[in-house]
Amino acid sequence: MAKSLRQISRCILLAILVAAVVPLTTNAALLNQAALLSQFLERQAKANPNADEADPWADPASSFAHLPTYCKNPSGSKEADRIAALPGQPPRVNFEQYAGYVTVDEEHGRALFYYFVESPYDAASKPLLLWLNGGPGCSSLGAGAMTELGPFRVNPDGKTLSRNKHAWNNVANVIFLESPAGVGFSYSNTSSDYDKSGDSRTAVDSYIFLLNWLERFPEYKGRDFYIAGESYGGHYVPELAAVIVAVRKITGKNPTNLKGIIFGNPLLDGYKNRKGQLEFLWNHGVISDEVWDNITQHCSFGPSDGLPCGEAIQSVQIGDIDTYNIYAPMCIQAPNGTSYSSSYLPGYDPCIDIYVDVYLNNPEVQKAIHAKMNTDWSLCAGDMDDKCPLTATRYSVKDLNLTITKPWRPCVIPWNWNKAPVTMVPMMSWLVDTGLRVWLYSGDMDSVCSLTATRYSEGSQSDCHRTMETLVGGYVQQDRRGFTFASVRGAGRMVPSFQPERSMVLFHSFLNGVLPLGPPSGTKEADHILGLPGQPPRVNFRQYSGYVTVNPDQGRELFYYFVESPYDAATKPLILWLNGGPGCSSLGFGAMKELGPFRVNPDGTLRRNKHSWNNLANVIFLESPAGVGFSFSKNTSYYDDVGDQSTAEDTYVFLVKWLERFPEYKGRDFYISGESYGGHYVPELATVVMYMNHHFPGLVDPINLKGIIFGNPLLDDYLNGKGELEFLWSHGVISDEVWARILANCTFTPSDDWPCFVAAHSFQRGNIDRYNIYAPVCLQSRNGTYYPSSHSIPGYDPCSYHYIQPYLDRHEVKQALHARVDTKWEGCNLDLAWNDSPEFMVPIIKRLINNGLKVWIYSGDFDSICSLTATRFSVNDLKLSITAKWRPWYTPDSEVGGYVQQYQGGFTLASVRAAGHLVPTFQPKRSLVLLYAFLKNMLPPADIPN
C-alpha cells in the first residue's frame, strides 16, 4: 500500500512538473519532445537503484567485449540506396545523397533507417559524422536533417525544399540515423522489441549499424569518424562511443576509427537537469524570487523529493513560450487550420515541424528515400505509460483549474524505456581519459536541458584546470585533458536551427581540434576598408577598421573604426571618440548615429552626414572596453574585473599600438572626446597619457595630447541625480508637490536612504525620451515595424538604432569591417561587471586643468539623464574664477547655438540649445561649430555673422 501511495504521489508530482514547466499551449512537435523528456526523467527517478540488474555502463570493456568487429553477411547495396533526387529539391544540388535500411538484428527483423549526405566539396577527404537526435525516441531525419544541420529545409508548402547554406556537410559527410527501432521509418518485425528499448540496446544496435554500413560504403573504412547529437543524445553519443572504445580496447581492432564526439544541450544528469531547468527560468525572469525561494527550500533535486517539492513547483507559470528557446517565436494555428509564426526571428520558422511532417508523409518522398511505403512517419515515437497513466495525470491537471485554450488533440506519449544511467559524468570522464576528443556545447536560451544544468554536470569533473576563451558567438573553456565545453549565444536547444552560422564555426573548430579563434591583429593596409555595403557613391575619404591587441596574454583586443578627413587629411588633427554607458559602442552610436560620415537608412543603405566631424579632423571610433561591440577578451574573467582603471590602461595601450600601425599620426595634434560615461573615460585616459608622457618619455613616443572635449558627462553620482530631478521639475515634468517632497527627504549625498528613494520615484514621467524630453519616440506597430511618433525634429529619426543594429550585424558588413563574422553585434553590453568607478570626477578634471590641458565640456540642454543642471553643479565645485561670462554663441545661419562661459586655465562650459544627450545627433550643425571653435582654441562666435 505504501509503495502504491508513493507511486501515486510521484504521478501527481509529474503532473505538476509537466503543467508548470511545459506550456499547455505550444507547438505540437515541441510538446511531444518536452513531454518525452519530462516523463522519461520521472520514470528514471522512480527506478530502483538497488535493482539486481547489472549496470552495463559500469564497466563497458567487459559488458561489450562480445560484440563483433566486422559484419559477416552484409545485406543491401550502396547503389540501391542512392537517391536520384528528393521531390521538390532546389536545382544544382552538387552532392550525393543516400537513404535506406540496415538490418541490425536478423532474428527479430530489426532495421534502422538512415539518410546520408556527402560533402559537396572534396567528399573523399572529408571525415564521416554520425548525427543522433534525442528524445529518447525522436527522429534524426526529421529534426536533425530537415530542421537543423542537414543540406535542406522544408518550405511552408510542405512540398519543396530550400538549401541550408550552413549545413554541416559543407565540412563533413553526414549520416542521420533514426534510432532506435520504432523511431521514424526504423522498425522491428518483433513488436515486443519496442518494450525492450533502452540505452544499452540502442548503443549496441547503432554499433552494429555502423559495421554494416561501412561494408555498404567501404570507402569510408579508416576515415576519421565522429559522433554528434543533442538532448538525449547526451546519452546516445557517449554510450555509442563507449561501446566502440570498449571493443577497441579488448580486441585491439578499430573498425570505425572514432576520433571524437560532440553533443549539444545534453541530458547528463536527471536531477541536476531539473535543478538547472528551474534555476535557468528563475535567472531569466520567468520564475519569481518568491517561487524560487520556495522551490529551493523544499527541493533537494534528488531521489528524496516528493509532494512538498512538487507543490512548490506547481506555482510556476511560464506562459505560452517555447521551452526549447524561451525567446523564440511560437507556431500559432489559425482557425482555418493554417499555421504562422507569432513573430519574426531571422532564418527561423517555429512551424517547420509541421512542414516536415507533411513532406516526409508524402508517398513520393517515401519512395524517393527508399522508405517503407505508407509509413505513418512522426517526429517522435512512443507508447502508453502504465506507471503514471494518462488518467491520473488528467485528474491532477483538472485540479489545476486552468482554462482550456486549445482543444484536446493527438499527442504521442513516451514509450517504455529500460534502465538508463542517472548521470553520464563518469562515462564522459572515462572517455576523455582514453584520449577521445570530447566537446559539449549548449545553446544559452534553452530551458529544458539548459546551459545551467550542463554546467552543473560538467562542473562535476573537479580535476579540471581550465583556460578560458571568449567567442563573440558564445563562450568556451577547455581542461588540461582537452575536454571542451562551449556555449552558443542566442541559441535554443536545436543550436543549428537557431544559430546555424555559429554552430558551423563551432563544429569546424571541433573537427580541427582547435578552439575557435578571433582574427589576428592586422596592419594598416589589411585594415583598409575598400567600401562599406550600401555606402553612397563618390566617397572621398579613406576608412580603416580592425583589431588592436591590448593584452596578448589575456587575448584582449579592441575594435576601431577610423575615418580620415576628405579635406587635406595630412594636416588635420587626430580625435579619439569614446561613447559611454559604460559598455556602449562608439561605432554604433558615435560613428553611425552622431558624428560619423554616414547615417544608416531604414532600408540598410548608408547616406552621407554633411556635418560629420571628419570634415575638421581624422576621427577614431573605439569600441571600449573589451566586451563592447566587436571588441573581445579571450580570458572571460576580464569581464568580471572591468572598470575605469583597466579601461583607461587598455585604451592607452591601444593608442600606442595604433600609432605604430599609423606612424604618420605620431606627433600629430591629438584630442580625446566623448559623452555620457565618457565623462569618466575621457579625463581618465587624458590622465594616463599625461602621466606616461611625463614619467616615461623614453619608453614610448609621447602622445601629443592637446585637449579634451566631452558632452553631457556623468561627473558626480549624487549631483547627477539631483540635477536630473531639478531639470525635470524646472521643465514641468515633476509637480511642485513632488519636488518639495524630494527636497524635504533628499540631501543628494551617500546618507540618503529609503524616504529619499520613495520621494524621488513618486512621479510619472510618461512615454518620453529621457535623453531628449522634447524629441519624438520610436513606436512599434503590430506588424513589428518601427516608426517615429512624429517628425518634429528635422533630420532626426528616433528609430535609427533599429536600422544600425541589423546593419552592423550583417555578414557582409562584418567582412567589410574586418570584424569577427561570428559576432552578434549589439549597441551596449549590460552584462559587464563594473568594479571601479570614482563617484566624483571633479578632482581629476581640476588636476588636468592645473597641468595646462585644454578642457571643454558641452551640454545639450534637453537631456535629463546627464543634464545641464547637473553639469553646472559639478562645474561650480571646480571653484574656478570666471574669465568670460555666460553669453550666447551663434551659428553661421545666425541662430543662437547655445551659451558659453570660460574659466581660469581656459576651462570652458558650453550649452547646445535644443540638443539632447547625443548632441551631434540632435544638433549636428551646432556641434560642428562648437568643435571648430575648440580645435581653433577660441570661443564660438559671440555675434550674429555678417
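The values are calculated or read from the model by the stated rules, or taken from the named source; none is laboratory data. All of these numbers come straight from a predicted model, not from anything done at the bench. Cβ atoms come from the backbone with ideal geometry, glycine included; neighbour counts cover every protein chain shown. When the accessible area is computed, the model is the full protein with side chains, heavy atoms only, and any ligands, DNA or RNA have been set aside. Shrake-Rupley method; radii C 1.70, N 1.55, O 1.52, S 1.80 Å.
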Can you tell me how many residues in segment 99-126 are in contact (Cβ under 8 Å) with a residue 60 or more places away in the chain and not in a loop (DSSP other than H, G, I, E, B)? 15
Among the helices (runs of 4 or more DSSP H) contained in segment 304-392, which hold 1 or more residues that are among the aromatic types (Phe, Trp, Tyr) and at pLDDT 85 or above? 352-360
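Table: residues versus (1) in contact (Cβ under 8 Å) with a residue 60 or more places away in the chain; (2) surrounded by 19 or more Cβ atoms within 10 Å (Cβ to Cβ); (3) in contact with an Asp or Glu (Cβ under 8 Å, 6 or more places away or on another chain).
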residue	(1), (2), (3)
Val855	yes, yes, no
Tyr858	yes, yes, no
Asp861	no, yes, no
Trp886	no, no, no
Thr921	yes, yes, yes
Met938	no, no, no
Ile944	no, no, no
Would you tally the residues in segment 863-893 being among the hydroxyl-bearing types (Ser, Thr, Tyr) and part of a loop (DSSP other than H, G, I, E, B)? 4
Qualifying position, being open to solvent by less than 20 Å² (accessible area, probe 1.4 Å) and among the acidic types (Asp, Glu), among Asp357, Asp322, Asp376: Asp322
Checking the condition β-branched (Val, Ile, Thr) and within 40 Å of the chain's Cα centre (by Cα), which residue from Thr891, Thr921, Thr908 passes? Thr921
Do we find that Val563 is crowded, with 21+ Cβ neighbours inside 10 Å and more than 24 Å from the chain's Cα centre (by Cα) in this structure? yes
Among (1) small (Gly, Ala, Ser); (2) surrounded by fewer than 19 Cβ atoms within 10 Å (Cβ to Cβ); (3) more than 28 Å from Leu931 (Cα to Cα), which single condition is Gly795 missing? (3)
Does segment 533-554 hold any residues that are in contact with a Leu (Cβ under 9 Å, 6 or more places away or on another chain) and either β-branched (Val, Ile, Thr) or crowded, with 17+ Cβ neighbours inside 10 Å (or both), and which are they? Gly534, Gln535, Val539, Gln543, Ser545, Gly546, Tyr547, Val548, Thr549, Val550
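Please work out if Gly306 is open to solvent by less than 70 Å² (accessible area, probe 1.4 Å) and touching a residue at least 60 places away in the same chain (Cβ under 8 Å).
Values: open to solvent by less than 70 Å² (accessible area, probe 1.4 Å): yes; touching a residue at least 60 places away in the same chain (Cβ under 8 Å): yes.
In short, yes.
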Across (1) open to solvent by 70 Å² or more (accessible area, probe 1.4 Å); (2) part of a loop (DSSP other than H, G, I, E, B), Arg765 clears everything bar (1)
Tell me which of these Gly474 doesn't satisfy, since it passes every other one: (1) surrounded by 18 or more Cβ atoms within 10 Å (Cβ to Cβ); (2) closer than 24 Å to Lys126 by Cα; (3) at pLDDT 75 or above. (2)
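Anything in segment 281-303 that is acidic (Asp, Glu) and within 25 Å of the chain's Cα centre (by Cα)? List them, or say none. Please lay out each step first, then the result.
Going residue by residue through segment 281-303, those that are acidic (Asp, Glu) are 289-290, 293.
Asp289, the sole residue that qualifies.
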Hits in segment 798-834 - residues which are open to solvent by 40 Å² or more (accessible area, probe 1.4 Å), more than 15 Å from Ser586 (Cα to Cα) and in contact with a strand residue (DSSP E or B) (Cβ under 8 Å, 6 or more places away or on another chain): His802, His818
Give just the number: which of (1) free of Cβ contacts under 8 Å to residues at least 60 places away in the same chain; (2) closer than 17 Å to Tyr355 by Cα; (3) surrounded by 17 or more Cβ atoms within 10 Å (Cβ to Cβ) does Ser342 not satisfy? (3)
Pairing a residue in segment 48-62 that is at pLDDT 50 or above with any residue that is outside any helix (DSSP H, G or I), where Cβ atoms lie under 8 Å and the two sit 6 or more apart in sequence or on different chains, gives Glu53/Lys419; Asp55/Lys419; Asp55/Pro421; Pro56/Phe64; Trp57/Pro421
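Here is a check on your reading of the model: is Lys253 more than 28 Å from Asp305 (Cβ to Cβ), in contact (Cβ under 8 Å) with a residue 24 or more places away in the chain and touching an Asp or Glu at 6+ places or on another chain (Cβ under 6 Å)? I'd like the intermediate steps shown before the answer.
Details: more than 28 Å from Asp305 (Cβ to Cβ): yes; in contact (Cβ under 8 Å) with a residue 24 or more places away in the chain: yes; touching an Asp or Glu at 6+ places or on another chain (Cβ under 6 Å): no.
No; evaluated as a whole, the condition is false for this residue.
Rundown of residues vs (1) modelled with pLDDT of 95 or more; (2) of a type outside the set (S, T, N, Q); (3) in a helix (DSSP H, G or I); (4) open to solvent by 10 Å² or more (accessible area, probe 1.4 Å), yes/no style:
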| position | (1), (2), (3), (4) |
| --- | --- |
| Tyr671 | yes, yes, no, yes |
| Glu684 | yes, yes, yes, yes |
| His694 | no, yes, yes, yes |
| Phe710 | yes, yes, no, no |
